[in-house]
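Have a look at the structure below before the remarks.
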């Protein structure tokens, strides 16, 4: 008991400390000869506001999307694996999208974005008693395996726009889930309907990874210049494109309570609430360069270079409540699963989904 209290206390302190770390964004502009800013420091600061605002506005939704899919990888349509030596094994893959409505809420003043993630798992488990079982998952995967899925996030306002494309990745996902059958199954209509029981579950999931991104930002502002000592006021576009990395380590602890129903000994339905507690670190770093373009005579065209360096430390939401609904088809030894979940804090636009196949012997 003392150890568990000590562990939870340290995880809480770690979360508070990592959340307090600040982000840093630096933008510099170098102009060609014969052109200079009336106030260079103020202009750089003005163009720096958009990338700074972009990351501060999304510093929770981006890591939370990865934490949300951390629990995927081992769907189970039966309330028990049965007493050892019975066992099961299988594979599942899925993904999630967090707050999709943010896509339509994007403005120049509030560049909010939705975000998503994917996860997979090879899982295997065994019964310990007729009420208790345990399942493990482990997987290494790459986004290249799901290259057919659009992994681009983009938005556009009146004067600003962004695009993030996820590229190469190196991801490790592992976890363990214990289930206790609180209420046993009960037959109500022979060959038709069986109440499958209620289980109390606890899973501990860990994911670490590194994802490469292609990142672009565009911002247009009115700027005061001196061209050969002649003052000019013009709309100038800063078009920045470069590469970035997303690195994360996330630990998720999730208690669940699920109820099960069996129909015709072929179809199984299960549903119930869960709450995920998330701990970890998440870093989104960008190094990019771009053009500084003016569209006004007599100096139309590219008039300089822009360099952006951004370092952003983020943390996921500490608590993610979900409601899960799953469906399993029993084909003798093989069992096919479809499972979906919605976040109870944003039911209509935040969800996960996964499919899988497993064998229970």
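Give me the Kirkwood hydrodynamic radius of the range 192-295, using the inverse of the mean 1/r over all pairs of distinct Cα atoms, in Å to one decimal.
For the range 192-295, the Kirkwood estimate is 19.4 Å.
Past the 20 angstrom mark, what percentage of all C-alpha to C-alpha distances in the range 124-234 do you count?
70
Based on the Cα atoms of the range 189-230, what semi-axes does the equivalent ellipsoid have, where each is the square root of 5 times one gyration tensor eigenvalue, given in whole Å with the largest first?
The three semi-axes for the range 189-230 are 66, 18, 11 Å.
For the range 218-361, what class follows from the C-alpha gyration tensor (a ≥ b ≥ c being the square roots of its eigenvalues): rounded when a/c is under 1.5, otherwise prolate if a/b is larger than b/c, else oblate?
Note, shape of the range 218-361 comes out prolate.
Would you mind ranking 361, 174 by Cβ crowding within 10 Å, fewest neighbours first?
Fewest-to-most Cβ neighbours within 10 Å comes out as 361, 174.
To the nearest 10 degrees, how steeply does helix 40-57 sit against the main Cα axis of the chain, on a 0 to 90 scale?
In the chain, helix 40-57 runs at an angle near 10 degrees to the longest axis.
Please list log₁₀ I(q)/I(0) at q = 0.13, 0.15, 0.23 Å⁻¹ for the range 27-128, using the Debye equation with identical point scatterers on the alpha-carbon positions.
Debye intensities relative to I(0), on a log10 scale: -0.70, -0.79, -1.12.
Within 10 Å of each residue's Cβ, count the other Cβ atoms and sort 86, 265, 313 from fewest upward.
By the 10 Å Cβ count, ascending: 265, 86, 313.
From Cα pairs below 8 angstrom and at least 6 apart in sequence, can you work out the relative contact order of the chain, rounded to a whole percent?
20
Please report Rg over Rh for the range 261-344, where both radii come from the alpha carbon positions and Rh follows the Kirkwood definition.
For the range 261-344, the value is 1.41.
Using alpha carbon centroids, what distance separates the range 250-290 and the range 54-79, in Å?
Answer, in whole Å: 6.
Ignoring everything except DSSP H segments at least 4 long, calculate the 222 nm mean residue ellipticity for the chain; use -39,500 (n - 2.57) per segment, divide by total residues, nearest 500.
-4000 deg cm²/dmol
When you count, for each residue, the other Cβ atoms within 10 Å and take the mean per peptide, how do 238-248, 337-347 rank with the highest first?
With the highest mean Cβ count within 10 Å placed first, the list reads 238-248, 337-347.
Nearest 10 degrees, 0 to 90: what angle lies between the long axis of helix 2-19 and the longest principal axis of the chain (Cα atoms)?
With rounding to tens, the tilt is 20 degrees.
Using just the C-alpha positions of the chain as equal point scatterers, what log10 of I(q)/I(0) does the Debye formula give at each q in 0.08, 0.11, 0.12 1/Å?
Per q value, in the given order, log10 I(q)/I(0) is -0.50, -0.79, -0.89.
Give the calculated FRET efficiency between residue 165 and residue 56 to the nearest 0.05, with a Förster radius of 25 Å applied to their Cβ-Cβ distance.
For R0 = 25 Å, the calculated efficiency reads 0.70.
Read the figures in this text as sums done on the coordinates, not as results from a lab. Treat the numbers as computed from the prediction; the structure is a model and nothing was measured. Cβ coordinates were reconstructed from backbone atoms using ideal geometry, including for glycine residues, and neighbour counts include every protein chain displayed.
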